[in-house]
1. Give me the percent of Cα-Cα pairs in region 81-166 that sit more than 23 Å apart, rounded to a whole number.
2. Pick from 194, 60, 172: which is most flexible by mean-square fluctuation in a GNM of the chain where alpha carbon atoms under 10 Å apart are linked?
3. Can you give the calculated 222 nm mean residue ellipticity of the chain, where each DSSP H run of n ≥ 4 adds -39,500 (n - 2.57) and the sum is split over every residue, rounded to the nearest 500 deg cm²/dmol?
4. Starting from the Cα of residue 40, draw a straight line to each of the aspartates and glutamates and keep only those under 18 Å, dropping any in the same chain fewer than 8 residues away.
5. If amide hydrogens are placed 1.01 Å from N in the peptide plane, which non-local residues have theirs closer than 5 Å to the one on residue 46?
6. Anyone know which of 153, 162, 142 comes out most mobile in the 10 Å Cα GNM of the chain?
7. Counting Lys and Arg as +1 and Asp and Glu as -1, what is the net charge of the other residues whose Cβ lies under 12 Å from the Cβ of residue 168?
8. Roughly how big is region 111-181's charge dipole about its Cα centre, with Cβ charges of +1 (Lys, Arg) and -1 (Asp, Glu), in debye to the nearest 20?
Amino acid sequence: MMELLREPMVIDDGDGKIDFPKNWKKITAKNLSFAYGEHKVLDDVSFEIKRGERIGIMGLSGAGKSTLMKLLLKENESYEGEILVDSIPLKKIRKEDYYKKVGVVLQDTEVFNFTLRDNITIANPDNGGEKEFDKALEIAHVDDFTDRLPHGVDTFIGEKGVRLSGGERQRLGIARAIYKKPQILFLDEATSHLDLESEEKIRDSLHKFFQQVTAVVVAHRLTTIKEMDKILVVEKGKIVESGNYEELYDKRGRFYELWEKQKL
C-alpha cells in the first residue's frame with residue numbers, strides 16, 4: 001500500500017536498467033504520438049523541458065494534456081517517438097529510480113486511513129524532521145484546516161480521507177509531494193477543487209517552491225500557469241503554440257482566445 005503513494009501506477013514495464021542521471025540538464029520529447037486503440041490522442045508532439053524550468057500545459061478538455069503527463073511519468077510507454085533525459089531514452093531509465101526523483105499531484109489525491117501526518121510523510125519516510133514537515137504544511141496551506149481536526153495533524157482522516165473536503169485532500173497531496181523533496185514536480189489539475197481564494201494563496205506559495213525544482217503543471221485555470229517560464233498550448237493532440245505569457249498573449253492566437261474567454 002505504501003509503495004502506491006511513492007510510485008505512479010505502471011502499465012508497461014519497459015526495459016529500464018539505467019539510473020536517472022544525477023546531473024541531467026533537460027528532458028526532450030521528439031515526435032511523440034500516442035493512441036488509445038485507433039483514437040490518436042497525441043500527434044507528433046515535440047518540446048523541451050530544461051532543468052529548473054517551470055512549464056505550463058493548457059488546452060481544452062480532451063486535448064491530450066493529461067495523456068502527455070502520463071507519458072512523462074512512465075505510466076504508459078507504448079508511444080511512438082522519443083522522450084529523452086539528455087541523450088538517454090526515458091524508457092531505459094529504471095522506474096524505481098525515476099520515481100524517487102519526482103513528485104506527483106493529480107486531480108484526485110490518493111488518501112488512506114492513516115493520520116494526516118502519515119499521509120504526508122509516507123512519500124518520503126526517511127526525510128525526517130519537523131522543519132521539513134512544517135514547510136510542506138505551510139506551502140500547501142494545510143495548517144488552514146488542521147485546527148478543526150480533533151487531534152490536529154495526528155488525526156486519523158478516515159478511509160479515502162472522508163474527514164476532508166476535496167480541496168483539503170488536494171492540499172494534502174501537494175504537501176505530500178513537497179515533503180518528498182522531488183527534483184521534478186508534476187501537477188495535473190492539482191488545485192481544481194479549491195475555491196479561488198484558497199487557490200491564489202497556494203499558487204503564490206507554490207511559485208516560490210518552484211524555484212527549487214523543475215515544475216510541469218497542467219491547469220484548467222489559466223492564472224495558475226501565468227508565471228511559468230514556458231506554456232504549451234495543446235489542441236487536438238498537437239502543440240499549437242509555445243511561449244511565455246507575454247509572448248502568447250501578444251501573439252493574439254489560441255492562448256489569447258482561451259485567456260480572454262476564461263476572464264468572462
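No value in this document is a laboratory result; all are computed from the given coordinates. Predicted model only: the values in this text are computed from it and were never measured. Glycine also receives a Cβ, built like all others from the backbone with ideal geometry; neighbour counts cover every protein chain displayed.
1. 36
2. The residue that fluctuates most here is 60.
3. -9000 deg cm²/dmol
4. Within the straight-line limit of under 18 Å, residue 40 reaches these aspartates and glutamates: 75, 77, 80, 82, 235.
5. 31, 32, 239
6. Sorting by GNM fluctuation, first place goes to 162.
7. Net charge around residue 168: +1.
8. On the way: 11 positive and 12 negative charges, 56 e Å.
Result for region 111-181 is approximately 260 debye, rounded to the nearest 20.
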